[in-house]
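What follows is a single structure, written as structure tokens, with notes after it.
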Amino acid sequence: MNASLPSADTLRTALGAVLDGLPPRQAAQAVERLIANYRGVTPTDAPVLRDRSDVAAYAAYRMPATFEAVRGALAALADAAPVWAPATHTDIGGGTGAASWAVAEAWEGAARTTVLDWAEPALAIGAELARGVFDADWRRERIGGALRLADTDLVTVSYVLNELTETDRTALVTEAARAARAVVIVEPGTPGGYERIIAARGLLIEHGFTVAAPCPHSGACPIAPGTDWCHFAARVSRSSLHRKVKGGSLPYEDEKYAYVAATRFPVTPAASRVIRRPQIRKGQVLLELCGRDGLARETVTKRHGALYKEARDAEWGDPWPPAED
């Protein structure tokens, strides 16, 4: 049995151990360079993580946020398929394994995980971070159009598509659809990230998948191209070490992300989903929703009784109306 259960706190503890002894200035310089690559386009056959120091800095900079974003997407999948659990999981471009931590937490380490990445230093530190928490096979693979996967229950692809050409993105999503029973793809919550998610969503549907989340349906997205983009936010607690490496002072940050979770098995998507932060005003809550009939606005007031309290507690990304107990 694993000594520790995977969680945000366990991950922060593991990161602290890996970063112990790395001078803060060296870590900060590595983070600055990695930020420039994160915001640009870097082919995955030319890894930006060159050595252990780079990987340690990257892990401190990105792992907590990636973990929380993937965690949010997996929670939505679990809501739509509450009795399903993956026995096997493949983490494409998993690097140090943030998505694998989220999968291990969601299903209590039940899935046999394989992490695929091009950067050997990332795989090495990923294995070190996960030791004693969950089991995984860490394999060096070039992430691109030529990748071939073993059949698996769940594939995760987090913050990877931006690193690929459009041709390779199409090939990778197609291969994931061939190999998996469920696919979860997460990208930055930017207009570009949303566009990549919409393209991947279309491919998954084309290959026989049903959208489990965030969408309440598998039809066309009701957002007119170029007018807006669908994304969500995950609150990330920042340790003192995390704040030092990122140069911030607040004890938290919000990670904006876009995602799609789709399956080859039956699911029950939310009737609608809150797609903006609820606006709480005196005696009423304004909700922006995406439902099976498209975009809608709903105002919930005190006269709605118990539903009003539910609306006040609703968060961006939640299903609506709330499930009955």
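The values are calculated or read from the model by the stated rules, or taken from the named source; none is laboratory data. Computed from a predicted structure; not experimentally measured. Quick reminder, even Gly has a Cβ in these numbers, built from the backbone with ideal geometry, and neighbours come from all protein chains shown. Side chains are part of the model used for accessible areas, which takes the heavy atoms of the whole protein and leaves out ligands, DNA and RNA. Shrake-Rupley method; radii C 1.70, N 1.55, O 1.52, S 1.80 Å.
A few notes on this one:
- Residue in the range 238-248 that is hydrophobic (A, V, I, L, M, F, W, C) and modelled with pLDDT under 95 present: yes
- When we screen Val184, Val160, Val173 for residues that are open to solvent by less than 60 Å² (accessible area, probe 1.4 Å), in contact with a helix residue (DSSP H, G or I) (Cβ under 6 Å, 6 or more places away or on another chain), in contact (Cβ under 8 Å) with a residue 60 or more places away in the chain and under 19 Å from Gly94 (Cα atoms), the only hit is Val184.
- Taking the range 276-289 as the range and being within 30 Å of Val83 (Cα to Cα) and open to solvent by 20 Å² or more (accessible area, probe 1.4 Å) as the test, the residues that pass are Arg276, Arg277, Pro278, Glu288.
- Just one residue in the set Ala81, Ala75, Ala98 is in contact with a Phe, Trp or Tyr (Cβ under 8 Å, 6 or more places away or on another chain) and surrounded by fewer than 24 Cβ atoms within 10 Å (Cβ to Cβ); that residue is Ala81.
- Any hit, the range 150-157, residues being at pLDDT 95 or above and of a type in the set (D, E, K, R): yes
- Taken over the range 199-213, the criterion of being surrounded by fewer than 17 Cβ atoms within 10 Å (Cβ to Cβ) and in contact with a helix residue (DSSP H, G or I) (Cβ under 6 Å, 6 or more places away or on another chain) is satisfied by His207 alone.
- When the range 304-317 is filtered for residues that are in contact with a strand residue (DSSP E or B) (Cβ under 9 Å, 6 or more places away or on another chain), in a loop (DSSP other than H, G, I, E, B) and either at positive phi or open to solvent by less than 50 Å² (accessible area, probe 1.4 Å) (or both), the ones remaining, listed by number, are Ala314, Trp316, Gly317.
- Leading residue by the ranking (most open to solvent (accessible area, probe 1.4 Å)) among those in the range 116-138 that are closer than 21 Å to Glu175 by Cβ and assigned to a loop (DSSP other than H, G, I, E, B): Trp118
- Answer residue from the range 41-62, given it is more than 19 Å from Arg140 (Cα to Cα), of a type outside the set (Lys, Arg) and at pLDDT 75 or above and is surrounded by the fewest Cβ atoms within 10 Å (Cβ to Cβ) among those: Tyr61
- Where a residue in the range 111-124 is of a type in the set (S, T, N, Q) and its partner, wherever it lies, is open to solvent by less than 10 Å² (accessible area, probe 1.4 Å), with Cβ under 6 Å and at least six apart: Thr113/His89; Thr113/Ser100
- Scanning the range 290-303 for residues that are open to solvent by less than 30 Å² (accessible area, probe 1.4 Å) and among the small types (Gly, Ala, Ser) yields Gly291, Gly294.
- Within the range 267-295, the set of residues being in a strand (DSSP E or B) and out of contact with any Ser or Thr (no Cβ under 7 Å at 6 or more places or on another chain) comprises Ser272, Arg273, Val274, Gln279, Ile280, Arg281, Val285, Leu287, Glu288, Gly294, Leu295.
- Screening the candidates Ala271, Ala224 for the property of being at pLDDT 95 or above and small (Gly, Ala, Ser) yields one hit, Ala271.
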